[in-house]
Amino acid sequence: MIATPAEAVPIQLTVNGELRSVKVLPHYILLDVLRNQLGLTGTKECCLQGECGACTVLLNGRAVDSCLVLAIEADGGEILTIEGLADHGKLDALQTMFLEKGAVQCGFCIPGMLLSAKYLLKTNPHPTREEIQDGLAGNLCRCAGYYRFIEGVLAAAEANP
Amino acid sequence: MNSFTYARPESLDEALALLAEYGPTATILAGGTDVVVRLRTGRVLPAIVIDLKRVPALRADILETDTCLRVGARTVMADLVADARVRSRFPALAEAAHEVGSVQIRNRATLAGNICNASPAADTAPALLVYGAVVNLVQASGTRSVPIDRFFLGPGRTVMERGELVESIDLPLAKEPQGAAFARATRRRGVDLATVNVACLVRASGQTLLAYGAVAPQPVLVRDDTGKLADANCREVDKIGILENLISHATPISDVRASDVYRRALLRVMSRRVLDTAVANLRSQEHAS
């Protein structure tokens, strides 16, 4: 398959369980397509170089920085964004515990933080404090609310079998 | 971001033909964690980006042969770190790969991409050097294998020719007990580039290999065959002398991460630490067997 810079090509993405078709140019990044073409502005744009994690989504089940993925690369892929984390209005345990522990300050890093935490608990249902630090190391919080993120993830993990 | 043509070949032949056709105007895309940043900043301005993610011949897994573990070109860092065979037989590499970027980066970045970038600070390079990794390259006219200690030429430069791709990276299985260790210094914990990184491997025979990065234009591999570094009865002053000689190939620069003087001081301390850890790991291997 070859896509030229002049013509937008259709790609298919399953976003939060829903099949979406969009037309993209080769240089569009996944982050922009999610925000600007699909209207999913919960995924945040920040550093645009894979340092801060604000744009974290799950792509085919794995946490990735959506600023480092070309949309066209993700063609045919499954994506979970923050908008799909709650299940039909029922908050995910991580969202509940972030609220309960007062983990959210300005909120800008929270969508990415929650998706990194979601991926961590998926791959490691009962992480230690150190493993949580490692799992969230790719997500920066300028309010420096790290302590309560860890508390929130620990509390959410308690509900895991 | 500047626009470009995007190609997603579905076979190795197709990928190599595109590479041959577009030559220097092509950029290879594997994980994209470095390439996409460079596309955005304009540091690379390709006419075409060739995405290798759907080329089946460039495998995304790790095969075991009689003589090695073969890491496919599309194998990502996260899978390398999680692989039980890599963790047990090449622990220093698993440790080094775990230090690359963040979870999000390791889920995309490939080992092959890490060495093709040829950053002097690449964290996997010192471990690959002490383990004697071999890079298997492929191009339209055939294949060749290059030992990793002859692969890097300088910052961003390797022996790879235009039109060549990494097909896989072999990790030769050890023929005798060995102990290895990896260490890196960074300005902050978590996601950061290495100020200095070091790997050490000690064989039961006493042969010691040391590799270090971020202190020279390319990662450096040195070895000591006297057996003294692994010898508990060797005098301390002799060990220090040998180590000083081994690290003398470092030619660090001063940059945003550290001064040249500080890098030399770090290298001295860290080399000693990885040596001691590698020797301890060798002893525990010997006790276990």
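Values quoted throughout were computed directly from the atomic coordinates according to the rules given, and no laboratory measurement underlies them. Worth saying up front: this structure is predicted, and the values here are computed from it rather than measured. Quick reminder, even Gly has a Cβ in these numbers, built from the backbone with ideal geometry, and neighbours come from all protein chains shown.
Residues A:LYS122, A:LYS44, ranked from the fewest to the most other C-beta atoms within 10 Å, line up as A:LYS122, A:LYS44. Overall shape of the protein assembly as shown was characterised from the C-alpha gyration tensor. The equivalent ellipsoid obtained from it has semi-axes of 38, 28, 19 Å, in decreasing order. Calculated over the range B:120-253, the projected area of the Cα convex hull averaged across directions stands at 9.8 nm². Computed over the alpha-carbon atoms, the range B:165-231 gives an Rg to Rh ratio of 1.04, Rh here being the Kirkwood radius from the mean inverse distance.
When the alpha carbon coordinates of chain B are projected onto the principal axes, the ranges are 62, 44, 32 Å, largest first. Summary value for the range B:1-114: 26 percent relative contact order, contacts being C-alpha pairs under 8 angstrom separated by 6+ residues.
Sorted ascending by nearby beta carbons within 10 Å, beginning with the fewest, A:CYS47, A:CYS141, B:CYS68, A:CYS106 become A:CYS106, A:CYS47, B:CYS68, A:CYS141. Considering helices alone, the calculated mean residue ellipticity of chain A at 222 nm is -8000 deg cm²/dmol, with DSSP H runs of length four and up weighted by -39500 (n - 2.57) and normalised per residue.
Here the contact order of chain B, divided by its residue count and restricted to Cα pairs under 8 Å and six or more residues apart, works out to 15 percent. Kirkwood hydrodynamic radius (Cα pairs, Å) of the range A:1-156? After inverting the pairwise mean of 1/r, the radius is 15.9 Å. Phi angles across the range B:196-207 convert, under the Karplus curve 6.51 cos²θ - 1.76 cosθ + 1.60 with θ = phi - 60°, into 3J(HN,Hα) values of 8, 10, 9, 10, 9, 9, 10, 8, 4, 5, x, 4 Hz, Gly and Pro given as x. Estimated at 0.36 nm per residue, the fully extended path between B:ALA288 and B:VAL269 surpasses their Cα-Cα distance by 4.0 nm. A dipole drawn for the range B:152-289 from +1 and -1 charges on Cβ atoms has a positive end, and of B:ASN197, B:LEU246, B:PHE152 the residue lying farthest that way is B:ASN197. Ellipsoid fit via the Cα gyration tensor, the range B:62-172: semi-axes of 20, 16, 13 Å, each the root of five times an eigenvalue, largest first.
For the range B:1-86, the Cβ-based charge dipole about the Cα centre amounts to some 380 debye (Lys, Arg positive; Asp, Glu negative; other atoms uncharged). For the range A:9-84, relative contact order (Cα pairs under 8 Å, six or more residues apart, normalised by length) works out to 40 percent. Computed over all pairs of different Cα atoms, the Kirkwood value for the hydrodynamic radius of the range A:93-158 is 11.3 Å. Across peptide B:41-52, the average count of Cβ atoms from other chains found within 10 Å of a residue's Cβ is 2.
Computed about the Cα centre, the dipole magnitude for chain A is approximately 240 debye when only Lys and Arg (+1) and Asp and Glu (-1) carry charge, each at its Cβ. With the biggest extent put first, the Cα atoms of the range A:54-117 measure 38, 25, 14 Å across the principal axes. Computed about its Cα centre, the charge dipole of chain B is approximately 800 debye, with only Lys, Arg, Asp and Glu carrying charge at their Cβ.
The Rg/Rh ratio of the range B:17-127, with both radii computed over alpha carbons and Rh defined as the Kirkwood radius, is 0.99. Extents of the range B:18-63, taken as max minus min of Cα coordinates on every principal axis and listed largest first, are 36, 25, 12 Å. Select from B:THR277, B:VAL103, A:LEU40 the residue farthest towards the positive end of the dipole of the protein assembly as shown; place +1 on Cβ of Lys and Arg, -1 on Cβ of Asp and Glu, and compute about the Cα centre. Selected residue: B:THR277. The number of Lys pairs in the protein assembly as shown with C-alpha atoms less than 24 Å apart, excluding pairs fewer than 8 positions apart on the same chain, is 13. Computed from backbone phi, the HN-Hα couplings of the range B:252-259 come to x, 10, 8, 8, 4, 8, 5, 7 Hz, rounded to whole numbers (Karplus: 6.51 cos²θ - 1.76 cosθ + 1.60, θ = phi - 60°; Gly and Pro given as x).
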